[in-house]
1. Quick one: what Rg and Dmax do you get for the chain from the alpha carbons, in Å?
2. Using a 1.4 Å probe and ignoring any ligands, DNA or RNA, find the accessible area of Arg4 and quote it in Å² to the nearest 10.
3. Give me the number: length gained by fully extending His19 to Thr50, i.e. 0.36 nm times residue separation minus the C-alpha to C-alpha distance, one decimal in nm.
4. From the phi of every residue in segment 22-36, what ³J(HN,Hα) in whole Hz does the Karplus formula 6.51 cos²θ - 1.76 cosθ + 1.60 yield, where θ is phi - 60° and glycine or proline is x?
5. Identify the GluC sites (Glu not before Pro) of segment 1-62 meeting these criteria: DSSP loop state and at most 13 other C-beta atoms within 10 Å of the C-beta.
6. Show that you can apply the helix-only estimate: for the chain, add -39,500 (n - 2.57) for every DSSP H stretch of four or more residues, divide by all residues, and state [θ] at 222 nm to the nearest 500.
7. Using modelled backbone amide H atoms (1.01 Å from N, in-plane), which distant-in-sequence or interchain residues come within less than 5 Å of Thr14's amide H?
8. Pick out which of Ile53, Ile38, Ile18 has the largest mean-square fluctuation in a Gaussian network model of the chain, springs linking Cα atoms closer than 10 Å.
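The values are calculated or read from the model by the stated rules, or taken from the named source; none is laboratory data. Just so you know, these numbers come straight off a predicted model, no measurement behind them. Here the Cβ positions follow ideal geometry from the backbone for every residue, glycine too, while neighbour counts run over all protein chains shown. Calculation scope for accessible area: heavy atoms of the full protein, side chains included, ligands and nucleic acids excluded. Shrake-Rupley method; radii C 1.70, N 1.55, O 1.52, S 1.80 Å.
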Amino acid sequence: MSLRIGGREIRRGTVEQIHLKASEYYTATPDNLPVTVIRGEERGPTVFLTAAIHGDEVNGVEIVR
């Protein structure tokens, strides 16, 4: 089964760094969201981790990392 995120195919057993366009500024400069995708070699459970949804959650980014 293929996995596509942000137009990129993520192969089994790989780690990909992706920048998803979340929005853009009035100058048409994209505002990208950095995403790390870790895909295991075998099928199994899926985990999603997120941090820093609010501007004052600076510790969460390092905890997830």
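1. 14.3, 43
2. Answer for Arg4: close to 140 Å² accessible.
3. Values: separation 31, 0.36 × 31 = 11.16 nm, distance 1.46 nm.
Additional length available on full extension: 9.7 nm.
4. Running phi through 6.51 cos²θ - 1.76 cosθ + 1.60 with θ = phi - 60° gives 8, 6, 8, 7, 5, 8, 6, 6, x, 10, 8, 10, x, 10, 10 Hz.
5. On the way: sites: Glu9, Glu16, Glu24, Glu41, Glu42, Glu57, Glu62; in loops: Glu41, Glu42, Glu57.
Passing both the DSSP loop test and the Cβ count: Glu41, Glu42, Glu57.
6. On the way: 1 runs with 7 residues, N = 65.
Calculated from helices alone, the mean residue ellipticity at 222 nm is -2500 deg cm²/dmol.
7. When sequence neighbours closer than 5 places are left aside, the close amide H contacts are Arg39.
8. Highest fluctuation of the listed residues: Ile53.
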